[in-house]
Amino acid sequence: MSMPYYVAPEQVMKDRAEYAQKGIARGRSLVAVTFEAGILVVAENPSRTLHKISEIYDRIIFAGVGKYNEFDQLRVAGIRHADTNGYAYSRDDVDARSLANLYAQHVGQVFTHEMKPLEVEILVAELGTTPDGNRLYHIAYDGTVVDEQRSSVLGGDADAIATRLDRAFEEGWALGDAIRACASCLAGPDRQLGPDDLEVAVLSEGNGRRAFRRIDGEELGTLLTD
């Protein structure tokens, strides 16, 4: 009788992490920053129909990088969870922290127990009633949650983009300045990204109760060139 093939648990976790990281790195990156009126999310995404950035609830935004069908399933599940809680209890009971914890538990469970991990990184952001109340939660492929303070970078060449973004960041900057800086950080020194290459959305008090608004077309072109 042959002995079953043995692989150390540490090696299994390492292999799963490398697999997920390679899948995520093949995708285009995404950045989120706080600005004077709220939270801005900018993704490199030439598609007009397959969105990386979406509204989850009144003041909550979802963004994902990696394998589209996997993070889109997470987006749908988050919307259902938020709608159910808001209907059963109160709209104020739906917050980004609880959604981030829910996502982290699911993604971590898949990473630990399933053969194939999810090739995704996701962001859950919430607009606070004051600037200090803004929340950015970055959930990694293994379920790790990081509570970011002023900016977050997901996918692709995240380390290089984060370095550029740290140098460019300005506290309380205007929307146009923030969009141009984010686009420049995503592009790097050797490229230039235009309106057709970007997906942009904001959470802002000025957008009404739902706070979420997409920025595209002529408006985005004007903000990128001003």
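Remarks
- Matching entry among 48, 28 (being under 13 Å from the mean Cα position of the chain (by Cα), surrounded by fewer than 24 Cβ atoms within 10 Å (Cβ to Cβ) and either part of a loop (DSSP other than H, G, I, E, B) or hydroxyl-bearing (Ser, Thr, Tyr) (or both)): 28
- Those residues of segment 73-86 which are among the small types (Gly, Ala, Ser) and crowded, with 19+ Cβ neighbours inside 10 Å, in sequence order: 78, 82
- Flag for residue 144 being among the polar types (S, T, N, Q), over 21 Å from residue 101 (Cβ atoms) and either surrounded by fewer than 17 Cβ atoms within 10 Å (Cβ to Cβ) or under 17 Å from the mean Cα position of the chain (by Cα) (or both): no
- The residues on offer are 112, 130, and the sole one that is polar (S, T, N, Q) and farther than 15 Å from residue 143 by Cα is 130.
- Residue match in segment 64-72 (condition: touching a Pro at 6+ places or on another chain (Cβ under 9 Å), farther than 22 Å from residue 182 by Cβ and surrounded by fewer than 19 Cβ atoms within 10 Å (Cβ to Cβ)): no
- The strands (runs of 3 or more DSSP E) found entirely in segment 114-208 that carry 1 or more residues being within 24 Å of residue 221 (Cα to Cα) are 151-154, 198-204.
- Residue that is nearest to residue 24 (Cα to Cα), among those in segment 166-181 that are surrounded by fewer than 22 Cβ atoms within 10 Å (Cβ to Cβ) and among the aliphatic types (A, V, I, L, M): 168
- The set of residues in segment 52-66 that are assigned to a loop (DSSP other than H, G, I, E, B) and at pLDDT below 95 comprises 58, 59.
- Residue in segment 49-56 that is of a type in the set (A, V, I, L, M) and touching a residue at least 60 places away in the same chain (Cβ under 8 Å) present: yes
- Residue in segment 183-226 that is nearest to the chain's Cα centre (by Cα), counting only those that are among the small types (Gly, Ala, Ser) and surrounded by 17 or more Cβ atoms within 10 Å (Cβ to Cβ): 201
- So residue 158, is it small (Gly, Ala, Ser) and at pLDDT 95 or above: no
- Residue satisfying condition, being over 14 Å from the mean Cα position of the chain (by Cα), under 29 Å from residue 17 (Cβ atoms) and surrounded by fewer than 18 Cβ atoms within 10 Å (Cβ to Cβ), within set 90, 98: 98
The values are calculated or read from the model by the stated rules, or taken from the named source; none is laboratory data. Please read all numbers here as calculations on a predicted model, not as lab measurements. FYI the Cβ positions are ideal-geometry reconstructions off the backbone, even for glycines, and counts take in every protein chain you see.
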